[in-house]
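I have placed the structure first, in the form of structure tokens, so that the comments after it can refer back to it.
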Amino acid sequence: MITADNLGLEVAGRRLLQKITLELHAGEIVTVIGPNGAGKTTLLRLLLGLTRPTSGTVRRRPGLRLGYMPQRLQIDPSMPMSVARFLQLGQKREKGESRVREAETMAALERVGVAPLADASLAELSGGEMQRVLLARATSRRPHLLVLDEPTQGVDVGGQGEVYRLIATLRDELGCGVLLVSHDLHLVMAATDQVLCINQHICCHGAPEQVSRDPAYLELFGDKVAPYTHQHNHEHDLSGGILPGDACDHGHSHKREGR
């Protein structure tokens, strides 16, 4: 879907990225990790065409539909806007298509489990609810590639795993590729197909198990990912809290940050 060849960016004599070569394929979840200032968001902007590289090339498949979820979205609390209206912003208004748009909006909200919030005020959503609404907007056009910058921003620990599981479900349902930036190493390693570790350049890349053993990864992060067993037999609410009466049992392998 997207191919980058020897991609680089310099701003005011400062080198932000260099020699980035990669390919993004349909049906694959690729996660970009790296330390603060590594250029993760900058790489997304280059691949999306929002920033022009100073070296190298980016080729996007003709007709490629992109769904983008930004890292942060500032909402004016005094602005009266419903969730449904937010999803419809920027859509062309054709005569007789209002019912179609409403159906598409509800389908997008149902896809991420927040249809009951269609008439809620955007400014009153919790962190977890807002991230799901942003996911709904990003998937409303049924993109070929879903690009997510820190998709668990503002979500509590209990809800972060649910967001990553939702992303995998959306990938399967839509048949799209997923490119995301994350710092949640303990969750990413269990929820992605390929990991791209960068620090102005590509330090290492490959399957999660391969990357977690790579000397370049260990130099950046140390041994921060260790296996543990944890069985999820509970459900979370929209904010990420565990619903009453549910409990956790051990018996399923995930990963967490070691100490």
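The values are calculated or read from the model by the stated rules, or taken from the named source; none is laboratory data. Predicted model, so just to flag it, every value in this text is computed and none were measured. Reconstructed Cβ throughout: ideal geometry from the backbone, glycine too, with neighbour counts over all protein chains shown. Just so you know, the surface numbers come from the protein's heavy atoms only, side chains and all, with ligands and any DNA or RNA stripped out. Shrake-Rupley method; radii C 1.70, N 1.55, O 1.52, S 1.80 Å.
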- Every residue from the stretch 1-40 that is surrounded by 15 or more Cβ atoms within 10 Å (Cβ to Cβ), among the β-branched types (Val, Ile, Thr) and under 22 Å from Tyr217 (Cβ atoms): Ile20, Ile29, Val30, Thr31, Val32, Ile33
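Looking only at the stretch 185-214, count every residue that is assigned to a loop (DSSP other than H, G, I, E, B) and either closer than 30 Å to Ser55 by Cα or touching a His at 6+ places or on another chain (Cβ under 8 Å) (or both) and tell me the total.
Count: 7.
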- Options Leu46, Leu66: the member that is more than 19 Å from Ala191 (Cα to Cα) and either within 15 Å of the chain's Cα centre (by Cα) or of a type in the set (Val, Ile, Thr) (or both): Leu66
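Can you tell me which residue among Gly67, Gly37 is in a loop (DSSP other than H, G, I, E, B) and closer than 17 Å to Glu150 by Cβ?
Gly37
Filter the stretch 150-163 down to residues that are buried (at least 23 other Cβ atoms within 10 Å of the Cβ) and either aromatic (Phe, Trp, Tyr) or assigned to a loop (DSSP other than H, G, I, E, B) (or both) and give me whichever is farthest from the chain's Cα centre (by Cα).
Checked the stretch 150-163; the qualifying residue farthest from the chain's Cα centre (by Cα) is Val155.
Among the residues of the stretch 103-149 satisfying the criterion of being assigned to a strand (DSSP E or B) and surrounded by fewer than 22 Cβ atoms within 10 Å (Cβ to Cβ), which is farthest from the chain's Cα centre (by Cα)?
Checked the stretch 103-149; the qualifying residue farthest from the chain's Cα centre (by Cα) is Ser121.
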- Task: Looking at (1) without any contact (Cβ under 8 Å) to a residue 60 or more places away in the chain; (2) in contact with a strand residue (DSSP E or B) (Cβ under 6 Å, 6 or more places away or on another chain); (3) open to solvent by 30 Å² or more (accessible area, probe 1.4 Å); (4) among the aliphatic types (A, V, I, L, M), find the lone condition where Ala207 falls short.
- Result: (2)
